[in-house]
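**Q** One structure follows; several queries about it will come next.
The values are calculated or read from the model by the stated rules, or taken from the named source; none is laboratory data. This is a predicted model, so every value here is computed, not measured. Quick reminder, even Gly has a Cβ in these numbers, built from the backbone with ideal geometry, and neighbours come from all protein chains shown. We work out accessible area using only protein heavy atoms, side chains counted, and drop any ligands, DNA or RNA first. Shrake-Rupley method; radii C 1.70, N 1.55, O 1.52, S 1.80 Å.
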Amino acid sequence: MLNEHAMSSPPLPTEVLHDSGTVKAPPAIPTPESFELPETLPYRLKNSLLGPPLVTEQLASERLGKIAGLGVLAPDCISSSAYGTEEMLTQLLPYFGIAAFTLVIPITLAILAVLFFVTLSYLQVIQAYTKAGGAYVVARDNFGPKVAQVAAVALLIDYTVTVAVQCAAGTEALTSIVPRLKPETVPITIAVILLLCFGNLRGIREGAKVFAVPTYLFVAGLGSVVVVGLVRVITGRGEPVLAHHAGMQVLGHHGGLVAFAAMVAILRSFANGGSSLTGLEAISNGVASFRRPEARNARRTLVVMSVTLGFLVLGVTLLAHFSHATPYDQNSPTVVAQIAGWVFGGSGVGVALKDIVVTVTMLILFTGGNTSFNGFPYLASFVAEDSFLPHQLTRRGHRLVFSNGIIVLAVVGVALVVGTGANLNSLVALYAIGVFTGFTMAGAGMVKHHRTARQKGWKAGQVVNGFASLLSGSVVVIFAVLKFTEGAWLVVVAGPVLYFALLRLNRQYRAEAQQLEVGAAQACEAPILRRHAVVVMVDRLDLATARALQYARTLTPDDLRAVHLMIDVQRGRRIEAGWERLGLSRLPLDIIECADRRLGRGVLELAAEAVADGETELTVLLPRRGYSSRWSRLLHDRTADKIAAVLGQLPHVNATMVPYNLTSRVRVRAVPRIGRGGRSGADERGRPDGPAPGRPVRAVAGARAEGTTHIGEVRWRHRAKVAGRITSVRVQPSAGVASLECVLSDDTGGLLVIFQGRRHVPGLGPGATLVAEGMVGERHRRLAMVNPVYELIAGPEPEDEPQD
């Protein structure tokens, strides 16, 4: 986009006079790398563990393609095929015995019917909500934020339980291969959760590389078991039916399908099998994680995921029917491990192939927990944006991920594993209620959306979504009733409690916002008080106090004085004597008795007296000494912080900390200046030595346009063409002269780019890449271009709304 906004720029200043009377060029704006700013030890450790920080403009490059998206978002859903059939059989075998292997087929078909309609429903969700899909957003937009918290609670519970379920199931697969590890189930599961947490804290792109591999290995491995097994069954070359062994579930001998107990067993089996569909919502929840066009890529990935899941679930069920693979009471070896052994046989090659299948099953079950680490932080950030969760969950961290949400999920997941002993049967009872509640809310919300929007095909969409919502709601009721005593009661009880807690938190946020925002504009423009008084609190005479006194003089107040609240007579006398000895008597020092030794109360009374006339604005400067080590901090109190908190109770009283750190002071390198020769003095090419260790490496203007000059090499009062990123934009007051001021920077320095007569230029904002050409002058004692010819190469990358 080429713009010649104003070729007739106002005249540039002809000189910049300094104390010597000579004319010197203004300096370039220094880059952050121009300063040797110290980094804390925790930050350096974070860099070592997680890698260097990513900057916001790299957010787009952290998006997922269809292949990586399936690998990152589908493990939870696809891996459910590894235990869905087993969970159905655990409910059928004790009642129906051998007949259970026949009944499991129609139950599986019923579950696949639910899968079909829920998939159709979510395809429409993705089409309608291309940036922020999922049950939470659908419910919020169609039913309002309060009703949407039902979906939020359901999905938050689902995500936290998913981590525990997937990792516990993966541990069971591991113990199928190495039975002696069975006593270490809980520590192994916890270790896997922490490893997933660490991988996600490093960033989604690296997570895609790690987590996509097990997904495709599992699909290939279990898919080969299904294909080979069905071929052997069709050709009559299948292995004999598996024998019953010690530790397997006892087969029941009840009869009568019409009996009430039989119907309960079938419904419980259907509910357990519904756990195979958990994770189906992940694609819709993570639409914004895909590369553009997000909606099309997400829809295609959803179709592939659903077809793959249906094929694997049906295939495992059919092979369980033919092989009579029976679950064990201790869940190990798993049904999938038995089927793989039945298909490949007992030869050395067959055992090796079985172990490979079980290994990749273990890997995808472990990595299936990663779906929650992708979805939970997005959901939590979106709910927090609506002020129903703490706002700390909205912030992206070191590697452009929602670090706080990831850490919270890991902590809760570990707590669930410890609380249930990593028992899969106990966890599954908590599992599907949340996700099927989400399915129900998404379907109902889309029905409302279709009835409101009435777009093409809205009647058919209404039927599909309504039926999907009805089916999903039925599963929720079945789970809540039939699994109530097995752990579902916890969700039934905790869900409403968490719901009302979210509403209470929202009321608190809204009340605070109203108190802070009402009258804010008027307060900014309110007349200032006539007098400004400054009080420097003195508790000892040292460099910290000296720095506070020096800063106080820069404020040029109407009244400046130092105050010592005396709680120790001898100490007060020493300060008085030292004040005179150091020649500070030109500044008055008030020594005020603090008989009850309540420093906070004494400062509060002092401040109240100073502003009692109603015409005085008071600033209280508090010297604050910073100590480098934690041991040193333990040896000193935080009196300044306590005093500042107390002073906040009074209007027109401002507490200001003046820090003085007892560490090596920050050193500032020489800022490159443009001398008469027009060259920077940093090195031969006019550039500083490079970025300081630990700082992110910033992309500079993409590929530099031909003929551009490093900003650090431009000549004052000469025409130049430069390229860089806009690092800051100044918002001008509406009553002032219309102008837009930006700082354009590359790795050698920065300069002001000023557009007069305009308050806003489309596309120009922090993060935009720009090529500008014009006369280099001076503004605000900095190098500047006024009304340059510019070309916008790339606008700032808007950060997507958090997804649920």
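**Q** If the chain between residue 612 and residue 40 were fully stretched, how many nm would it gain, using 0.36 nm times the residue separation less the Cα-Cα distance?
**A** Working: separation 572, 0.36 × 572 = 205.92 nm, distance 4.33 nm.
Contour length minus the Cα-Cα distance gives 201.6 nm.
**Q** Still on this model: So what's Rg/Rh here for segment 355-488, counting alpha carbon atoms and using the Kirkwood radius for Rh?
**A** 1.05
**Q** Separate question: For residue 182, go through the lysines and keep the ones whose alpha-carbon is under 27 Å away, minus same-chain ones fewer than eight residues off.
**A** Cross-link targets: 354, 483.
**Q** Would you please classify the overall shape of segment 533-631 from the alpha carbon gyration tensor, given that a ≥ b ≥ c denote the square roots of the eigenvalues, rounded means a/c under 1.5, and beyond that prolate means a/b larger than b/c while oblate covers the rest?
**A** On the way: a/c = 1.32, a/b = 1.20, b/c = 1.10.
Rounded is the answer for segment 533-631, as its axis ratio a/c remains below 1.5.
**Q** Could you grab the relative contact order for segment 89-226? Cα pairs under 8 Å, six or more apart, rounded to a whole percent.
**A** RCO, segment 89-226: 9 percent.
**Q** Okay, moving on. Could you please state how large a percent of the accessible area of segment 275-336 is carbon and sulfur, counting protein chains only and using a 1.4 Å probe?
**A** Details: 1020 of 1770 Å².
Solvent-exposed carbon and sulfur of segment 275-336 make up 58 percent of the total.
**Q** A further question follows. Need the full-extension length gain, residue 489 to residue 47, defined as separation in residues times 0.36 nm minus the C-alpha distance. One decimal, nm.
**A** My answer for the length gained is 154.8 nm.
**Q** Report the convex hull volume per residue for segment 90-228, counting only C-alpha atoms, in Å³. Can you show the working numbers first?
**A** Details: hull volume 28.4 nm³, N = 139.
Convex hull of Cα atoms, per residue: 204 Å³.
**Q** Kindly report, to the nearest 10 Å², the accessible surface of residue 458 as traced by a 1.4 Å probe over protein heavy atoms only.
**A** Per-residue accessible area (residue 458): approximately 50 Å².
**Q** Arrange the residues 235, 85, 656 by how much accessible surface each exposes, largest first, with a 1.4 angstrom probe.
**A** Sorted descending by solvent-accessible area, the residues read 235, 656, 85.
**Q** Right, here's the next one. Extending each Cα 7 Å along its Cβ direction at residue 532 and residue 596, get the distance between those two points in nm, one decimal.
**A** 3.4
**Q** Still on this structure, please answer the following. Give the cross-link partners of residue 456 among the lysines, using a straight C-alpha distance below 29 Å as the criterion and excluding same-chain residues fewer than 8 apart.
**A** Here the lysines satisfying the reach criterion relative to residue 456 are 66, 131, 448.
**Q** Normalise the Debye intensity by I(0) for segment 500-570, one equal point scatterer per Cα, no solvent, then take log10 at q = 0.19, 0.25 Å⁻¹ and round to two decimals.
**A** -0.83, -1.08
**Q** Cβ under 12 Å from residue 278's Cβ, residue 278 left aside: what net charge do those residues give with Lys, Arg +1 and Asp, Glu -1?
**A** Here the charged neighbours net out to -4.
**Q** How far apart, in nm, are two points set 7 Å out from the Cα along the Cα-to-Cβ line at residue 296 and at residue 559?
**A** For residue 296 paired with residue 559, the spin-label model returns 7.2 nm.
**Q** With a/c under 1.5 counting as rounded, go ahead and sort segment 451-555 into rounded, prolate or oblate using the C-alpha gyration tensor (a ≥ b ≥ c being the square roots of the eigenvalues; past the cut-off, prolate if a/b is larger than b/c, else oblate).
**A** prolate
**Q** Bin by bin, in steps of 10 Å, what percent of the Cα pairs in segment 333-397 do you find, going until the bin that has the longest distance?
**A** Whole-percent P(r) values from 0 Å outward: 20, 27, 16, 15, 15, 7, 0.
**Q** Averaged per residue, what accessible surface does segment 437-573 expose to a 1.4 Å probe, in Å²?
**A** Ligands and nucleic acids excluded, the figure is 59 Å² per residue.
**Q** Please give the solvent-accessible surface of residue 517 in Å², to the nearest 10, using a probe radius of 1.4 Å with every protein chain present.
**A** Here the accessible area works out near 130 Å².
**Q** With a Förster radius of 35 Å, plug the Cβ-Cβ distance of residue 116 and residue 508 into 1/(1 + (r/R0)^6) and report the FRET value to the nearest 0.05.
**A** Step by step, r from the Cβ atoms, then E = 0.20.
**Q** Would you mind classifying segment 152-208 by shape? Square roots of the alpha carbon gyration tensor eigenvalues, ordered a ≥ b ≥ c; an a/c under 1.5 is rounded, otherwise it is prolate if a/b is larger than b/c and oblate if not. Don't jump to the answer; show the numbers that get you there.
**A** Details: a/c = 2.66, a/b = 1.47, b/c = 1.82.
Verdict is oblate for segment 152-208.
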